[in-house]
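Novice: The structure under discussion is supplied below as structure tokens; questions concerning it will follow.
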Amino acid sequence: MVNEELLTYNVYSTERIYRDETLCSFYFKPNRKIIKNFSPIDIDGERLKLNLQTGEITEYKKKDILNSYNASLRRTTILMNMLLSMNDFDWFWTLTFDKQKIDRTNAQAVFNCYEKYINNIKKQFPCFKYMTFPERHEDGCFHFHLLTAGLTPSQMGLVNSGKVCCSWAKKKYNGVVSRSYYERTKHLFEHKDTDGEPIYNATSFVYGFTTVSRIVSRERCNSYVKKYVEKALGSTEVFKKRFYYSANLNVPYLVKKYIGTEFEIPTAIEELSCIKNNPYIQNAKGVYVNDYNVLQVKIDNDMKQFLDKGLVPLSDEEIFNLYFKGEILD
């Protein structure tokens, strides 16, 4: 087994290039593979820890379980934010299952129906894009929220329900009222951008009931989804994933770079000279230190293009001096 204390570490960067900005992650990586002492093992549905040296099987400590859970949730959040940032969705759906047709508390049963429905749409319309977020109510019943794009209302089988979104009726009517009620009361309240937007039903969903509304503000919708996932989705015990998405979604372009070598840790990565002098760091929009092993920055893509060409942006003081020398004109 390799003694970890004798290892040296290289520094790498990963660039995730989004539409408007790039997320750069700087991190240490050992120059040799570290042999693991433990590995997870499943026995009768229980996740245990196997010592690879002695063969001993033990239970995970609460701290190990919590760390694993937090790491998993962090990966989910990163993936979700990445997909929301790279894709524009047009419609927000809620699929509710009919108790006369299916046991709504049976996770596997409702997921099978959902999967059949989505696969049928994908088979008919390969351009269909979606993200799906399962939710379990306090009564134990499951339903699904979807963000979708790529289809016309007729392809989705939408019909106008005669109801509209109404922010001032959120508590009493869950934010959905008849068109006539909305028209009678709209002069009494301040409006949100979604108020008055029609609610549709998808006739193609044969397993229960649907509400479908057009996404008016993508920023507000994405913000709602992010808060919803952090609040509602914790464990993967019920469904194997916290959310589902189509394979044809846009993802950021990924670039990996080698930065420097032969560093010993623990060392604060932001203190390294090769990091301090990195032009992305010096011109970053924001800096986020996860721990001693990872540093993240965001940089505008326009600025990144200048830096990649070897151009150095001028400081405010330099611009001021050049202006009064007449080298910069209005």
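FYI, it's all coordinate maths here, none of it is from the lab. Note that the coordinates shown come from a computational prediction; the quantities given were computed from them, not determined experimentally. Because the Cβ atoms are built from the backbone with ideal geometry, glycine has one as well, and the counts that use them run over all protein chains shown.
Novice: What angle do you read, to the nearest 10 degrees and between 0 and 90, between the alpha-carbon axis of helix 62-86 and the longest principal axis of the chain?
Specialist: 80
Novice: How much length would be gained if the chain were fully extended between Thr77 and Val294, taking 0.36 nm per residue of separation minus their Cα-Cα distance, in nm to one decimal?
Specialist: Details: separation 217, 0.36 × 217 = 78.12 nm, distance 1.70 nm.
Length gained between Thr77 and Val294: 76.4 nm.
Novice: Follow-up question, since we're still on this one. Which lysines does Lys29 reach when only Cα atoms under 23 Å apart count, and residues fewer than 8 places away in its own chain are ignored?
Specialist: Lys256, Lys257, Lys276, Lys298
Novice: What's the longest uninterrupted piece of the chain once you rule out the GluC sites (Glu not before Pro) that are loop residues per DSSP with at most 14 other Cβ within 10 Å? Show your work: numbers first, answer last.
Specialist: On the way: sites that count: Glu56, Glu59, Glu138, Glu190, Glu237, Glu264, Glu327.
For GluC sites (Glu not before Pro) (loop position, at most 14 other Cβ atoms within 10 Å), the longest site-free span of the chain is 60-137.
Novice: So, with +1 on the Cβ of K and R and -1 on the Cβ of D and E, and no other charges, what is the size of the charge dipole of the stretch 1-123 about its Cα centre, to the nearest 20 debye?
Specialist: On the way: 19 positive and 16 negative charges, 23 e Å.
Magnitude of the dipole: close to 120 debye.
Novice: About the Cα centre of the chain, what is the dipole size in debye to 20, counting +1 per Lys and Arg Cβ and -1 per Asp and Glu Cβ, all else neutral?
Specialist: Working: 46 positive and 40 negative charges, 282 e Å.
My answer is approximately 1360 debye.
Novice: Determine which lysines satisfy two conditions relative to Lys61: a Cα distance under 26 Å, and not lying fewer than 8 residues away in the same chain.
Specialist: Qualifying lysines at Cα under 26 Å: Lys33, Lys36, Lys49, Lys231, Lys240, Lys241.
Novice: Would you kindly work out the equivalent ellipsoid of the stretch 1-76 from its C-alpha gyration tensor and give its semi-axes, the square roots of five times the eigenvalues, largest first in whole Å? Mind dumping the intermediate values first?
Specialist: On the way: eigenvalues 189, 90, 17 Å².
Whole-Å semi-axes of the equivalent ellipsoid: 31, 21, 9.
Novice: Just to confirm my numbers, what's the Cα centroid distance between the stretch 242-300 and the stretch 103-140 in Å?
Specialist: Cα centroid to Cα centroid, the span is 36 Å.
Novice: Next question, about the same structure. Near Glu262, within a Cβ-to-Cβ distance under 13 Å, what is the net charge of the other residues, with Lys and Arg +1 and Asp and Glu -1?
Specialist: Local net charge: +1.
Novice: A follow-up question, please. In nm, to one decimal, how far is the Ala109 label point from the Tyr253 one, both placed 7 Å along Cα→Cβ?
Specialist: Here the answer is 5.0 nm between the modelled labels.
Novice: Could you give the longest part of the chain that holds none of the trypsin sites (Lys or Arg not before Pro) found in DSSP loops with at most 13 neighbouring Cβ atoms within 10 Å? Let's see the in-between values first.
Specialist: Details: sites that count: Arg19, Arg32, Lys33, Lys36, Lys61, Lys99, Lys101, Lys240, Lys241, Lys285, Lys309, Lys325.
With a cap of 13 other Cβ atoms within 10 Å, the longest stretch comes to 102-239.
Novice: Okay, next question. Sort largest first and round to whole Å: the equivalent ellipsoid semi-axes of the chain, each the square root of five times a Cα gyration tensor eigenvalue.
Specialist: Values: eigenvalues 377, 232, 57 Å².
Output for the chain: semi-axes of 43, 34, 17 Å.
Novice: Here is a further query. Return one number: the angle in degrees, 0 to 90 and rounded to the nearest 10, between the long axis of the Cα atoms of helix 218-232 and the longest principal axis of the Cα atoms of the chain.
Specialist: So the helix axis and the longest Cα principal axis differ by about 90 degrees.
Novice: Let me ask you something else. Nearest 10 degrees is fine. How inclined is helix 107-124 to the longest principal axis of the chain, computing both from alpha carbons?
Specialist: Long axis of 107-124 versus the principal axis of the chain: about 90 degrees.
Novice: Another question, then. Of all alpha-carbon pairs in the stretch 91-245, indicate the percentage at a distance above 20 angstrom.
Specialist: 53
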